[in-house]
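The values are calculated or read from the model by the stated rules, or taken from the named source; none is laboratory data. The model shown is predicted, which means the values in this text are computed figures rather than measured ones. Note that each Cβ is placed from the backbone with ideal geometry, even for glycine, and that neighbours are counted across all protein chains shown.
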Amino acid sequence: MTPAIDVEKLIRAMSEQARTAYRLLADASPEQKNAALLESAREMRAHSERIIAANDADMLAAENAGLANALLDRLKLKQVSVEAMANTLEEIASFPDPVGKTLAEWERPNGLRIERVSVPLGVIGIIYESRPNVTADAGGLCLKSGNAVILRGGSDSLNSSKAIVECLRKGLQFAGLPGDAIQLVQTPDRQAVGEMLTMTGIIDVIIPRGGKSLTERILKESRVPTIQHLDGNCHTYIHQSADARMAKEITLNAKMRRTGICGATESLLVDSDAADKLLPEIIESLIAAGCEIRGDETVCKFDSRVTSASEEDWATEYLDATLSIKTVKDVSEAVAHINRYGSHHTDAIIAEDAAAAKLFLDGVDSAIVLHNASTQFADGGEFGMGGEIGISTGRLHARGPVGIEQLTTYKYAVRGSGQTRLPADGS
């Protein structure tokens with residue numbers, strides 16, 4: 001019989017080990033960190049068969065447990081997936097070091113020279129679901145930015161994540177850096193999440209990446225500051241000036257390229273004046289691709305296969321081959337709808353009218369807004385950031401893709417030549 005795990009003791013020990021490792025990693029040279037990343041990439045390629053075998057075990061268990069297709073899609077790793085993870089680590093290694101950068105500097109009249117310098121956040125706890133590639137991205141980004149990290153992935157991806165973290169830790173050790181800078185919580189016990197949320201003074205920030213229930217729990221319970229990654233109820237809006245071919249191609253890609261990612265379009269808005277011209281062909285292409293359409297009264301008239309949308313549909317992140325479609329009067333109504341029902345993640349306008357596009361880009365209150373491009377570009381890798389830990393939908397510290405720059409904060413270095421401050425009364 002396997003002895004019971006003291007989860008509180010486990011998480012505290014991991015957190016303290018991460019704290020110790022952080023102090024060493026924060027002082028590591030760029031060359032050391034890059035060597036660790038490149039060796040980790042080599043380890044992944046060398047042990048790709050072991051990683052895929054571990055993932056096969058996770059997939060089998062997930063299928064037997066009846067995991068939804070969208071989550072199975074996120075969980076699955078192939079040879080090309082392992083190669084992509086290795087490439088991402090190499091790309092991260094190629095970036096300028098984000099630590100120790102002078103962000104601003106100035107001199108005061110009294111001769112004090114003040115410099116704002118970038119530093120790591122510290123110890124980061126990342127809590128996520130399904131996607132094993134997040135394990136590699138998060139570990140690599142935290143390593144490059146000088147942060148120690150405790151990874152708590154979903155139980156469904158535990159075998160995959162173990163195999164990936166083993167490669168990352170070997171990379172750290174190869175470069176003479178502490179392996180405990182990257183740790184994986186290896187118990188599926190949900191108490192582990194709760195314990196991480198109480199580690200004030202040891203864990204500096206929590207980053208959740210997952211479904212609404214996970215993120216809401218963390219926002220409600222965490223005593224550690226969080227960088228929010230909420231659901232992705234993303235919109236594509238087709239203005240009456242849109243090119244018909246572009247509108248169809250972008251909409252199909254934004255919805256159906258991968259339906260289970262947070263950047264997938266979940267609602268389509270179309271100007272009423274353009275609906276007759278644009279919607280029938282768009283609906284046909286979506287249904288042909290296997291998409292279920294739920295529409296307002298106007299949309300339902302275009303195709304008998306469209307079902308009536310409810311108020312709930314406008315606020316739903318389906319993460320599946322389902323799309324809600326609504327007609328709107330103009331760009332102002334589209335912006336108002338998105339700001340009311342959206343999740344402030346990613347929203348796009350398709351328009352040839354530059355003034356309409358500017359109104360949309362200025363008016364939509366989301367972390368990412370796009371003009372004439374698919375919402376599926378909402379990705380740190382696509383932004384040239386070498387992957388991401390998530391898309392922050394909050395306003396504090398970071399917004400949008402969270403990459404290496406967003407995993408740093410700053411301190412002030414003040415240099416004087418013997419200055420003392422006058423008494424408060426100036427005498």
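Restricted to the range 321-333, and to residues that are of a type in the set (D, E, K, R) and touching a strand residue (DSSP E or B) at 6+ places or on another chain (Cβ under 8 Å), which residue is surrounded by the most Cβ atoms within 10 Å (Cβ to Cβ)?
First pass over the range 321-333, keeping only residues of a type in the set (D, E, K, R): 326, 329-330, 333.
Filter again for touching a strand residue (DSSP E or B) at 6+ places or on another chain (Cβ under 8 Å), leaving 326, 329-330.
Numbers: Lys326: 23, Lys329: 10, Asp330: 14.
Looking at residues that are of a type in the set (D, E, K, R) and touching a strand residue (DSSP E or B) at 6+ places or on another chain (Cβ under 8 Å), I get Lys326.
Restricting to the range 57-78, name every residue that is without any contact (Cβ under 8 Å) to a residue 40 or more places away in the chain, surrounded by 15 or more Cβ atoms within 10 Å (Cβ to Cβ) and part of a helix (DSSP H, G or I).
Taking the range 57-78 and keeping what is without any contact (Cβ under 8 Å) to a residue 40 or more places away in the chain, we get 59-60, 63-64, 66, 72, 76, 78.
Now narrow it down to the ones that are surrounded by 15 or more Cβ atoms within 10 Å (Cβ to Cβ): 59, 72, 76.
Passing the criteria: Met59, Leu72.
Taking the range 153-162 as the region of interest, how many residues are touching a residue at least 40 places away in the same chain (Cβ under 8 Å) and in a helix (DSSP H, G or I)?
To start, the set of residues in the range 153-162 that are touching a residue at least 40 places away in the same chain (Cβ under 8 Å) comprises 154, 156-160, 162.
Still in the list and also in a helix (DSSP H, G or I): 156-160, 162.
Going through the range 153-162 one residue at a time, the tally reaches 6.
Look at the range 371-416 and say how many of its residues are closer than 19 Å to Leu121 by Cα, in a loop (DSSP other than H, G, I, E, B) and hydrophobic (A, V, I, L, M, F, W, C).
Summing the residues that are closer than 19 Å to Leu121 by Cα, in a loop (DSSP other than H, G, I, E, B) and hydrophobic (A, V, I, L, M, F, W, C) in the range 371-416 gives 6.
Could we say that Val369 is in contact with a Gly (Cβ under 7 Å, 6 or more places away or on another chain) and in contact (Cβ under 8 Å) with a residue 12 or more places away in the chain here?
Spelling it out, it is not the case that Val369 is in contact with a Gly (Cβ under 7 Å, 6 or more places away or on another chain) and in contact (Cβ under 8 Å) with a residue 12 or more places away in the chain.
Scan the range 96-134 for residues that are under 30 Å from Glu166 (Cα atoms) and part of a loop (DSSP other than H, G, I, E, B) and jot them down. Even if it seems obvious, please write down each step before you answer.
Within the range 96-134, the subset under 30 Å from Glu166 (Cα atoms) is 96-100, 118-134.
Of everything in the range 96-134, those that are under 30 Å from Glu166 (Cα atoms) and part of a loop (DSSP other than H, G, I, E, B) turn out to be Pro96, Asp97, Pro98, Val99, Gly100, Leu121, Gly122, Glu129, Ser130, Arg131, Pro132.
What single numbered condition from (1) surrounded by fewer than 22 Cβ atoms within 10 Å (Cβ to Cβ); (2) closer than 30 Å to Ala148 by Cα; (3) at pLDDT below 95 fails to hold for Ile389?
(1)
Let's see how each residue does on (1) in a helix (DSSP H, G or I); (2) surrounded by 20 or more Cβ atoms within 10 Å (Cβ to Cβ); (3) at pLDDT 90 or above:
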| residue | (1), (2), (3) |
| --- | --- |
| Gly146 | no, yes, yes |
| Leu151 | no, yes, yes |
| Ile164 | yes, yes, yes |
| Gly171 | yes, yes, yes |
| Ile203 | no, yes, yes |
| Ser213 | yes, no, no |
| Leu219 | yes, no, no |
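If Ala93 satisfies all but one of (1) touching a helix residue (DSSP H, G or I) at 6+ places or on another chain (Cβ under 9 Å); (2) not in a helix (DSSP H, G or I), what's the number of the condition it fails?
Among (1) touching a helix residue (DSSP H, G or I) at 6+ places or on another chain (Cβ under 9 Å); (2) not in a helix (DSSP H, G or I), the lone unmet condition for Ala93 is (2).
Only one residue in Asp137, Asp189 is surrounded by 21 or more Cβ atoms within 10 Å (Cβ to Cβ) and either more than 20 Å from the chain's Cα centre (by Cα) or within 17 Å of Gly210 (Cβ to Cβ) (or both). Which one? It would help to see each step written out before you state the result.
Values: Asp189 fails: surrounded by 21 or more Cβ atoms within 10 Å (Cβ to Cβ).
Of Asp137, Asp189, the one residue that is surrounded by 21 or more Cβ atoms within 10 Å (Cβ to Cβ) and either more than 20 Å from the chain's Cα centre (by Cα) or within 17 Å of Gly210 (Cβ to Cβ) (or both) is Asp137.
Search the range 86-113 for residues that are outside the structural domain of Ala163 (by TED's automatic domain parsing) and pair each with any residue that is at pLDDT below 95 and surrounded by fewer than 17 Cβ atoms within 10 Å (Cβ to Cβ) when their beta-carbon atoms are under 9 Å apart and the residues are at least 6 apart or on different chains.
No pair meets every condition.
Need pairs with beta-carbon distance below 6 Å; first residue closer than 16 Å to Thr198 by Cα and within the range 2-21, second surrounded by fewer than 17 Cβ atoms within 10 Å (Cβ to Cβ) and modelled with pLDDT under 95; sequence gap 6+ or separate chains.
Once the first residue is closer than 16 Å to Thr198 by Cα and sits in the range 2-21, its partners that are surrounded by fewer than 17 Cβ atoms within 10 Å (Cβ to Cβ) and modelled with pLDDT under 95 give Val7/Asp189; Val7/Gln191.
Just to check your reading of the model, which residue among Glu284, Glu292 is surrounded by fewer than 19 Cβ atoms within 10 Å (Cβ to Cβ) and under 30 Å from the mean Cα position of the chain (by Cα)?
Values: Glu284 fails: under 30 Å from the mean Cα position of the chain (by Cα).
Being surrounded by fewer than 19 Cβ atoms within 10 Å (Cβ to Cβ) and under 30 Å from the mean Cα position of the chain (by Cα) holds for just one of Glu284, Glu292, which is Glu292.
For the range 111-134, enumerate the residues that are touching a Gly at 6+ places or on another chain (Cβ under 8 Å) and at pLDDT 95 or above.
Within the range 111-134, Gly111, Leu112, Arg113, Val117, Ser118, Val119, Pro120 meet the criteria.
Yes/no matrix, rows are residues, columns are (1) out of contact with any helix residue (DSSP H, G or I) (no Cβ under 6 Å at 6 or more places or on another chain); (2) at positive phi; (3) in the same structural domain as Ala136 (by TED's automatic domain parsing):
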| residue | (1), (2), (3) |
| --- | --- |
| Val369 | no, no, no |
| Ala373 | yes, no, no |
| Glu382 | yes, no, no |
| Met385 | yes, no, no |
| Glu388 | yes, no, no |
| Thr393 | yes, no, no |
| Leu396 | yes, no, no |
| Gln406 | yes, no, yes |
| Thr409 | yes, no, yes |
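Go through the range 173-187 and count every residue that is part of a helix (DSSP H, G or I) and either in contact with a Phe, Trp or Tyr (Cβ under 9 Å, 6 or more places away or on another chain) or of a type outside the set (Phe, Trp, Tyr) (or both).
Going residue by residue through the range 173-187, those that are part of a helix (DSSP H, G or I) are 173-174, 179-181.
From what's left, either in contact with a Phe, Trp or Tyr (Cβ under 9 Å, 6 or more places away or on another chain) or of a type outside the set (Phe, Trp, Tyr) (or both): 173, 179-181.
Residues in the range 173-187 being part of a helix (DSSP H, G or I) and either in contact with a Phe, Trp or Tyr (Cβ under 9 Å, 6 or more places away or on another chain) or of a type outside the set (Phe, Trp, Tyr) (or both): 4 in total.
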